[in-house]
Amino acid sequence: QVHLVESGGGLVQPGGSLRLSCAASGIWLSLYPLGWYRQATGKQRERVAHLTSSGSPNYADCVKGRFTISRDNTKNTVYLHMISLRPEDTDVYYCDVQSAMKDYWGQGTQVTVSS
C-alpha cells in the first residue's frame, strides 16, 4: 500500500523560507515523475514544480527562481525548498507521484505566508 506523508508546512513571514518533505512508502519515488501542487479552498489545484524520473525539474512561472524540487533516493523522499515566500504562496501543498496506473497524493500541508 502506498503512503505519502508530507511535512514542513507552517507560518512564515514574507521573504522567509520553508522546506516541504514528502516521505513515501510502498513505492519507489526514483521510478516515477513527481510533482508538487498547491490549492486554495475553492480554487483549482495548481502544479508548481515537477521532477521527471530522470531528475529534470521544471517550475511554474510564478515560483521559478524561488522554489526547488529535489529527491533523495536513499530516504525515498521528495522535497520542495521554498525561498522568498510571498503572501500569494499561501496554500495547501500536495505531493504527487505519477505512476503508470494512477496518481498518488499526500494529505497536504498548509503553508501560510503572513506578517
Report the Rg/Rh value for region 1-88, based on alpha-carbon coordinates and the Kirkwood definition of Rh. 0.96
Could you give me the radius of gyration and the Dmax of region 49-90, taking only the C-alpha atoms into account and expressing both in angstrom? 11.3, 33
With all protein chains present, the chain has a carbon and sulfur share of its accessible area (1.4 Å probe) in percent of 49 percent
Region 41-113: Rg to Rh, with Rh as the Kirkwood radius over Cα pairs: 0.95
Cys residues of the chain counted as unpaired, since no other Cys beta-carbon is under 4.7 Å: CYS62
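The values are calculated or read from the model by the stated rules, or taken from the named source; none is laboratory data. Since we're looking at a predicted model, the values are computed, not measured. Backbone-built Cβ (ideal geometry, glycine too); neighbour counts: all protein chains shown. Heavy atoms of the whole protein, side chains included, go into the accessibility calculation; ligands, DNA and RNA do not. Shrake-Rupley method; radii C 1.70, N 1.55, O 1.52, S 1.80 Å.
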